[in-house]
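A quick write-up on the structure given underneath.
The values are calculated or read from the model by the stated rules, or taken from the named source; none is laboratory data. All of these numbers come straight from a predicted model, not from anything done at the bench. Using ideal geometry, Cβ is built from the backbone for each residue, glycine included, and neighbour counts are taken over all protein chains shown.
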Amino acid sequence: MTAARMVLLLGTGTVARIVGSAGGTASLISYPALLAAGIPPLAANVTNSVAFVAAWPGSALGSRPELLGQRSRLLRWAPLVVAGSAAGATLLLFTSAATFGRVVPFLLAFASIALLFQPQISAWLAGHSASSSRFLLPAGLVAVSAYDGYWGAGAGVMTLALLLITMRQEPARSNAVKNMLLGVADVTCCVVFVLCWPVDWAAALPMAAGFLAGSMIGPSVTRHIPGNILRISAALAGLGLTIGLWAG
């Protein structure tokens with residue numbers, strides 16, 4: 001790993017996590033950067049997942065105002081996220097990425113469209129039984145966490161869409177919860193990968209440093225973005241990634 005590639009990974013990691021913390025798709029930036037650094041696709045996916053662990057403490061520090069009063073929610077949902085992420089990471093180690101890769105664009109498109117039309121969906125849910133939302137949230141967290149453990153790109157868009165649809169609170173607060181839950185998922189799949197896969201630490205460490213820096217800056221960016229802009233930008237980022245995957 002040359003000095004130029006380390007600087008590339010550090011810089012792109014910072015920018016990617018700012019985008020991710022503010023509701024976008026961080027892997028849309030970080031994953032191509034790892035490929036540009038000469039890392040094969042599957043190894044780049046694992047490296048990206050391992051490096052993302054560094055974003056968790058930065059997001060926690062940067063999102064303290066938005067996380068006030070949300071401790072019980074995070075503790076209640078964390079076991080679901082751990083179970084889903086561990087299952088997804090294990091699936092990656094034992095199955096072909098090509099098979100799941102064909103499904104990924106459809107999942108991303110669904111989540112992005114749901115996020116784009118979140119106000120209408122929330123209004124519909126408000127007029128129906130709350131039991132559907134209570135079932136949707138835990139089931140969705142397990143599914144999205146499994147996706148995050150397997151591949152991860154776009155998991156932030158999916159999680160934010162799920163939280164905005166099922167939780168009636170400000171987008172910035174839902175975004176902070178999303179960052180914390182993704183942190184739990186990232187730590188879980190990281191443990192699986194470190195134990196079972198030869199991680200490219202020369203690439204993971206500078207990328208992780210960038211993620212840490214970007215995650216501390218991102219929440220402050222979120223506070224100055226109107227909720228609709230955050231929601232629409234995240235949805236368009238997901239659709240952009242979907243188009244890129246279909247084109248590739």
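Checking residue 13 against (1) closer than 24 Å to residue 192 by Cα; (2) of a type outside the set (A, V, I, L, M); (3) out of contact with any Ser or Thr (no Cβ under 7 Å at 6 or more places or on another chain), only one condition comes out false. Which one?
Among (1) closer than 24 Å to residue 192 by Cα; (2) of a type outside the set (A, V, I, L, M); (3) out of contact with any Ser or Thr (no Cβ under 7 Å at 6 or more places or on another chain), residue 13 violates only (3).
Tell me which residues, restricted to segment 6-60, are assigned to a helix (DSSP H, G or I), in contact (Cβ under 8 Å) with a residue 60 or more places away in the chain, over 19 Å from residue 187 (Cα atoms) and not β-branched (Val, Ile, Thr).
Answer for segment 6-60, where residues must be assigned to a helix (DSSP H, G or I), in contact (Cβ under 8 Å) with a residue 60 or more places away in the chain, over 19 Å from residue 187 (Cα atoms) and not β-branched (Val, Ile, Thr): 6, 9, 10, 11, 28, 33, 34.
Looking only at segment 172-204, which residues are surrounded by fewer than 23 Cβ atoms within 10 Å (Cβ to Cβ) and among the basic types (Lys, Arg)?
Answer for segment 172-204, where residues must be surrounded by fewer than 23 Cβ atoms within 10 Å (Cβ to Cβ) and among the basic types (Lys, Arg): just 173.
Here is a list: 67, 28, 107, 35. Which entry is out of contact with any Gly (no Cβ under 6 Å at 6 or more places or on another chain) and farther than 17 Å from residue 241 by Cα?
Being out of contact with any Gly (no Cβ under 6 Å at 6 or more places or on another chain) and farther than 17 Å from residue 241 by Cα holds for just one of 67, 28, 107, 35, which is 67.
Could you please let me know if residue 144 is surrounded by fewer than 23 Cβ atoms within 10 Å (Cβ to Cβ) and modelled with pLDDT of 85 or more?
In short, no.
When you go through 82, 15, 103 one by one, which is the residue that is surrounded by fewer than 20 Cβ atoms within 10 Å (Cβ to Cβ), modelled with pLDDT of 85 or more and within 23 Å of residue 235 (Cβ to Cβ)?
Criteria check complete, one pass: 15.
If residue 90 satisfies all but one of (1) under 25 Å from residue 216 (Cα atoms); (2) part of a helix (DSSP H, G or I); (3) among the β-branched types (Val, Ile, Thr); (4) in contact (Cβ under 8 Å) with a residue 40 or more places away in the chain, what's the number of the condition it fails?
Only one criterion is unmet by residue 90, namely (1).
Checking residue 121 against (1) crowded, with 24+ Cβ neighbours inside 10 Å; (2) modelled with pLDDT under 90; (3) at negative phi, which test does it fail?
Here residue 121 clears every test but (1).
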